[in-house]
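The values are calculated or read from the model by the stated rules, or taken from the named source; none is laboratory data. These numbers were taken from a predicted model, which means no experiment stands behind them. Neighbour counts are summed over all protein chains in view; Cβ atoms, including those assigned to glycine, are modelled from backbone coordinates with ideal geometry. Calculation scope for accessible area: heavy atoms of the full protein, side chains included, ligands and nucleic acids excluded. Shrake-Rupley method; radii C 1.70, N 1.55, O 1.52, S 1.80 Å.
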Amino acid sequence: MDRLTSMAVFVRAVELGSFAAAADAFEMSGPMVGKHIRFLEERLGVRLLNRTTRRQSPTEAGQAYYERCRAVLSEAEAADAAVFDELSEPRGKLRVTMPALLGRHCVAPLLMKLARRYPHLELDLSFGDPIADIVGAGYDLAIRTGDLDDESGLTARRIARQRMVVCGARSYLRAHGKPKSIDDLAAHQAIIYRRSGRVRPWLFPPRDGQSPHEIMPAGRLRLDDLEAIADAATQGMGLAWLPYWLVRERLNNGALVGLFGGQPEFLYDCHALWPRSPRMPLKVRAAVDALAAALPNLMT
C-alpha cells in the first residue's frame, strides 16, 4: 500500500472519529480504511487506534504518530502545490462549504464559471449551516458572513460586504404607511428572522461611531429561512430586513420597495477561510481571487 495514502487515511480517521466517516471522506469502503490502518500498525509494530463499535480513538503512540503524519502530509501538499503552481492551472478536488442561500445565489455560480475555465478542477460543494471544524471536516475553503468566532488554524480574507436593505410590498405600504426613518419601524409589522431559537436584530450603521444601531423587530411572523421571509414580504405580510442580493430582482421588478434609500445601509463582511499552510494551494487561491473579484458586484 502507498504509505502517504495510508497516513492520510489514518489522520482523517483520527479527526473524524470513525472508519465510516473516513471512508466517506476518501470515497472508499470501510474495510479498505481498516486495511490502511493495519498496514501502518504492522509496519510500525504498534497499535495506533483503540477500536470500539462506535468510535476509534488514538493510543498514546497513535497520538504522537498522528501529529507527525499531519506535518508530513502538510509538507507533501506544499510540495505538490509548488509543482502545480508551475503548471499555472488549478486542478484537483476543491471542497467548499458555504451558507445555503448565499451559495446558491452568488458563490456557486462563480465557482461553476471557474470550473468551466479550468477543466481539471473538480468541485465538491456543501450548502448549509457553518461547519465548526473546517480542517477536521476536510474542507479546502469556507465562505462565512458576519463576525468570525474562531480563526485558529485558518487564514481569513474579506472578499465582499453584504448590503442589507429594509423592504416591503406596495400593498403593505398602502395599508400601513411608509416609515420615514428607522425609528418609525417600531410602529410596523416586521417579518422576524429566528434561527436556533434566537431572534436576530436588524442592524444599521452606528449612531455613536462605534457599535451598530440595533432594532429588535416586532411582528407575528417568525421564520428561519430568508427566502421565505422575502416571499412573505412580497405578499404584504410586513417589512423585512434582507440581503440585497436576495431581493435584487424583486426590487427591480417592483414586487418589493426598498426603504430609507437616502440613508447608509449596514454592511456584513463576507470572508473566505482556508486551512493555514506554508503554501496556499493554487486551486484555493484561484477560487478566492475569483470570488473577491466578482462577489462585491453581486452583494452590494
Inset, instruction - Give me the angle, in degrees from 0 to 90, between the Cα long axis of helix 108-117 and the longest principal axis of the Cα atoms of the chain, rounded to the nearest 10. - result: 50
Inset, instruction - In whole Å, largest first, what are the principal axis extents of the Cα atoms in the range 11-87? - result: 45, 25, 19
Inset, instruction - Take the Cα atoms of the range 20-135, build their convex hull, and give its volume per residue in Å³. - result: 142
Inset, instruction - Would you work out the charge dipole size for the chain about its Cα centre, treating the Cβ of every Lys and Arg as +1 and the Cβ of every Asp and Glu as -1, and quote it to the nearest 20 debye? - result: 640
Inset, instruction - Mind listing the long-range amide H neighbours of ALA160? Cut-off is under 5 Å, sequence gap 5 or more, other chains count too, H placed in the peptide plane at 1.01 Å from N. - result: CYS270
Legend entry - Normalised convex hull volume, the range 167-228, alpha-carbon set, Å³ per residue: 102
Legend entry - Carbon plus sulfur fraction of accessible area for the chain, probe 1.4 Å, in percent: 48
Legend entry - Folded to 0 to 90 degrees: helix 3-16 orientation relative to the chain principal axis, Cα: 50
Legend entry - Rounded tilt (10° steps) of 30-44 against the dominant C-alpha axis of the chain: 50
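Can you give the accessible area per residue of the range 1-105, in Å², using a 1.4 Å probe? Intermediate values should be presented prior to the final figure.
Details: 5840 Å² over 105 residues.
Roughly 56 Å² per residue, with all protein chains present.
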Inset, instruction - Kindly report the accessible area of the range 163-300 per residue (heavy atoms of protein chains, probe 1.4 Å, no ligands, DNA or RNA), in Å². - result: 51
Inset, instruction - Extending each Cα 7 Å along its Cβ direction at ARG170 and ALA255, get the distance between those two points in nm, one decimal. - result: 1.5
Legend entry - Amide proton proximity set for GLY236, modelled H, under 5 Å, gap of 5+: ALA169
Legend entry - Residue of ALA82, ALA230, ALA175 that the Gaussian network model of the chain assigns the largest fluctuation, springs spanning Cα pairs under 10 Å: ALA175
Legend entry - VAL199 versus ALA82: modelled label distance in nm, points set 7 Å from Cα along the beta carbon direction: 5.8
Inset, instruction - Determine Rg/Rh for the range 124-245; Rg is computed over alpha-carbon atoms and Rh is the Kirkwood hydrodynamic estimate from the same atoms. - result: 1.03
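Take the Cα radius of gyration of the range 45-110 and divide it by 2.2 N^0.38 Å, with N its residue count; two decimals is plenty.
On the way: Rg = 18.7 Å, N = 66, 2.2 N^0.38 = 10.8 Å.
Cα Rg divided by the expected 2.2 N^0.38 Å: 1.73.
Only sites in a loop by DSSP and with at most 10 other Cβ atoms within 10 Å count here; which trypsin sites (Lys or Arg not before Pro) in the range 23-57 make the cut? Kindly include the intermediate steps, with their values, before the conclusion.
Details: sites: LYS35, ARG38, ARG43, ARG47, ARG51, ARG54, ARG55; in loops: ARG47, ARG54, ARG55.
Passing sites in the range 23-57 are ARG54.
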Inset, instruction - With θ set to phi - 60°, apply the Karplus curve 6.51 cos²θ - 1.76 cosθ + 1.60 along the range 284-300 and write out the HN-Hα couplings as whole Hz, x wherever there is a Gly or Pro. - result: 6, 4, 4, 5, 5, 5, 5, 5, 5, 6, 10, 4, x, 5, 7, 9, 10
Legend entry - From the coordinates shown, Kirkwood radius over Cα pairs in Å corresponds to which of (1) 19.2; (2) 23.5; (3) 22.1: (3)
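Which is the longest run of the chain containing none of the GluC sites (Glu not before Pro) found in DSSP loop states (not H, G, I, E, B) with at most 14 other C-beta atoms within 10 Å? Could you put the intermediate results ahead of the total?
Details: sites that count: GLU27, GLU151.
Free of exposed loop sites, the longest segment is 152-300.
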